[in-house]
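Working notes, beginning with the structure itself.
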Amino acid sequence: QVQLVESGGGLVQPGGSLRLSCVASESINTMGWYRQVPGKQREVLAAISRDGRTYYVDSVKGRFTISRDNAKNMVHLQMSRLKPEDTGVYFCTADNNYGSVVGGGVDYWGQGTQVTVSS
């Protein structure tokens, strides 16, 4: 069983930035970030494979950047130009299948970290 631990969430003003981090207990092919907003379905935001293939949902393209450190089993999400609608619980995810992280059916989930964008 892969364990994932997120950090870096918090309160930020609109237009501000936050950097989320996640460490996995072991190496896994693809890692990503999902967001849960009240009243909305859980949504994948970004994903990255070991070889650097990336995916971004349209709403975060140009604002969020996903990266990983394979040697440390870590993934990061640099979030810039944050908007109130970015508020939600952000989950680190991982799966050996790239398509599972991008399209659903992810095997492993972190506990989530709250991001609140408000003035």
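The values are calculated or read from the model by the stated rules, or taken from the named source; none is laboratory data. None of the values given here were measured: they were computed from a predicted structure. All Cβ positions, even for glycine, are placed from backbone atoms using ideal geometry, and neighbour counts span all protein chains on display. Just the protein is used for accessible areas: all its heavy atoms, side chains included, with ligands, DNA and RNA removed. Shrake-Rupley method; radii C 1.70, N 1.55, O 1.52, S 1.80 Å.
Test each condition in (1) surrounded by 15 or more Cβ atoms within 10 Å (Cβ to Cβ); (2) of a type in the set (Gly, Ala, Ser); (3) closer than 19 Å to Gln111 by Cβ for Ser49 and report the one that comes out false.
Here Ser49 clears every test but (3).
In the range 66-119, which residues are of a type outside the set (Lys, Arg), assigned to a helix (DSSP H, G or I) and either more than 20 Å from Gln3 (Cα to Cα) or over 15 Å from the mean Cα position of the chain (by Cα) (or both)?
The answer is Asn70, Ala71, Pro84, Glu85, Asp86, Gly99, Gly103.
Here is a list of conditions, (1) open to solvent by 60 Å² or more (accessible area, probe 1.4 Å); (2) without any contact (Cβ under 8 Å) to a residue 40 or more places away in the chain; (3) among the hydroxyl-bearing types (Ser, Thr, Tyr), and Tyr56 meets all of them except one; can you say which number that is?
Unmet condition: (1).
Filter the range 22-34 down to the residues that are open to solvent by 20 Å² or more (accessible area, probe 1.4 Å) and either among the hydroxyl-bearing types (Ser, Thr, Tyr) or not in a loop (DSSP other than H, G, I, E, B) (or both) and list them by number.
Listed by number, the residues that qualify are Val23, Ser25, Ser27.
Could you count how many residues in the range 80-117 are without any contact (Cβ under 8 Å) to a residue 60 or more places away in the chain, of a type in the set (D, E, K, R) and open to solvent by 40 Å² or more (accessible area, probe 1.4 Å)?
1
For Arg19, state whether it is under 21 Å from Ser80 (Cβ atoms), open to solvent by 60 Å² or more (accessible area, probe 1.4 Å) and not in a loop (DSSP other than H, G, I, E, B).
Taking the combined requirement at face value, the residue satisfies it.
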